[in-house]
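The values are calculated or read from the model by the stated rules, or taken from the named source; none is laboratory data. Only a predicted model underlies this, so the values are computations on that prediction, with no experimental measurement involved. Counting neighbours? That spans all protein chains shown, and the Cβs are built from the backbone with ideal geometry, glycine included. Note: accessible area is taken over every heavy atom of the protein model, side chains too, but ligands, DNA and RNA are not part of it. Shrake-Rupley method; radii C 1.70, N 1.55, O 1.52, S 1.80 Å.
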Amino acid sequence: MTGSSRRAGSDGDRDGRLPVSLRRIATSPATLATFALLVVPFGLGWLETRLFSPLALPGYLIFTIGTAIGNAISPRLDFWVYWVPFLGGTAGIAVVAGFGYEWWCDRRGGDSSERL
């Protein structure tokens with residue numbers, strides 16, 4: 001037992017075999033940008049119809065799929081109730097995109113937190 005056990009530290013020191021930390025994925029620029037691109041244009045269009053733009057299409061599709069599933073499960077809910085699963089679904093998609101970005105940065109050999 002020489003202490004050669006390597007674990008992922010909170011500062012990003014890893015040997016490349018362990019997954020990226022959840023905090024690093026959640027605060028990744030790719031995660032935040034993906035979430036913003038899915039939610040903000042759709043939210044603006046939901047608040048004011050004249051602000052609805054083509055950028056809202058991915059968010060609109062996610063909301064439509066979630067509404068169809070939710071309507072099949074419980075058809076008497078109002079449409080505003082579906083915002084909770086919409087935000088959860090877009091957060092999940094954004095985390096997957098952030099994980100992919102951080103994984104790609106690690107595979108390239110550079111660490112995104114070192115470039116700041």
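Between SER53 and TRP104, the modelled labels are 2.3 nm apart [label points 7 Å from Cα along Cα→Cβ]. Annotation: extensible slack from VAL81 through ALA68 equals 3.4 nm (criterion: 0.36 nm per residue apart, minus Cα-Cα distance). Solvent-accessible surface of region 55-114, taken per residue with a 1.4 Å probe and all protein chains present: 66 Å².
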